[in-house]
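The values are calculated or read from the model by the stated rules, or taken from the named source; none is laboratory data. Predicted, not measured: the structure shown is a model, and the values here were computed from it. Backbone-built Cβ (ideal geometry, glycine too); neighbour counts: all protein chains shown.
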């Protein structure tokens, strides 16, 4: 059985590179991001789920989608992020 990975922010930049690497390694990949891109080149092994990583419930949604789709979850990479530019001591959850 193929392994399954979730990659937030897996639709562009470094995240897309991570998506490609896991795809090439034979994984099923769930990409969570705000903006959908054309993932058809990955055939049926990569799925997109609209995700706002600032919402804890969206992380739950990704996990449920992965397990519903493949019956398992092996890797979760939280590549996406959002923050305001300010001193680190002023950043909270």
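Condition first: in a strand (DSSP E or B), surrounded by 14 or more Cβ atoms within 10 Å (Cβ to Cβ), modelled with pLDDT of 95 or more and under 10 Å from the mean Cα position of the chain (by Cα). Can you find one or more residues in the stretch 12-20 that meet it?
Here is the first cut: in the stretch 12-20, the ones in a strand (DSSP E or B) are none.
The answer is no; no qualifying residue exists.
Go through (1) on the phi > 0 side of the Ramachandran plot; (2) at pLDDT 95 or above for residue 43 and report which single condition fails.
(2)
Within the stretch 52-80, can you find the residues that are at pLDDT 95 or above, assigned to a loop (DSSP other than H, G, I, E, B) and either in contact with a strand residue (DSSP E or B) (Cβ under 7 Å, 6 or more places away or on another chain) or under 15 Å from residue 18 (Cβ atoms) (or both)?
Hits for the stretch 52-80 are 72, 73, 74.
Quick check on my filter: what residues within the stretch 21-33 are loosely packed, with under 14 Cβ neighbours inside 10 Å and touching a residue at least 24 places away in the same chain (Cβ under 8 Å)? Even if it seems obvious, please write down each step before you answer.
Our first condition is that a residue be loosely packed, with under 14 Cβ neighbours inside 10 Å; within the stretch 21-33, this holds for 21, 24-26.
Within the stretch 21-33, 26 is the sole residue that qualifies.
With respect to residue 2, is the statement that it is touching a residue at least 40 places away in the same chain (Cβ under 8 Å), surrounded by fewer than 17 Cβ atoms within 10 Å (Cβ to Cβ), part of a loop (DSSP other than H, G, I, E, B) and in contact with a strand residue (DSSP E or B) (Cβ under 8 Å, 6 or more places away or on another chain) true?
Values: touching a residue at least 40 places away in the same chain (Cβ under 8 Å): yes; surrounded by fewer than 17 Cβ atoms within 10 Å (Cβ to Cβ): yes; part of a loop (DSSP other than H, G, I, E, B): yes; in contact with a strand residue (DSSP E or B) (Cβ under 8 Å, 6 or more places away or on another chain): yes.
Yes.
Restricting to the stretch 34-52, and then to whatever is surrounded by 14 or more Cβ atoms within 10 Å (Cβ to Cβ) and under 19 Å from residue 67 (Cβ atoms), can you tell me which residue is farthest from the chain's Cα centre (by Cα)?
45
Is it fair to say residue 60 is surrounded by fewer than 11 Cβ atoms within 10 Å (Cβ to Cβ) and out of contact with any helix residue (DSSP H, G or I) (no Cβ under 6 Å at 6 or more places or on another chain)?
Values: surrounded by fewer than 11 Cβ atoms within 10 Å (Cβ to Cβ): yes; out of contact with any helix residue (DSSP H, G or I) (no Cβ under 6 Å at 6 or more places or on another chain): yes.
Yes: the conditions hold for residue 60.
Looking at the stretch 37-53, I want the residues that are farther than 17 Å from residue 73 by Cα and have a partner that is exposed (fewer than 10 other Cβ atoms within 10 Å of the Cβ) with Cβ atoms under 9 Å, at least 6 apart or on another chain. Which pairs are those?
If the second residue must be exposed (fewer than 10 other Cβ atoms within 10 Å of the Cβ), the pairs left are 50/35; 52/82; 53/81; 53/82.
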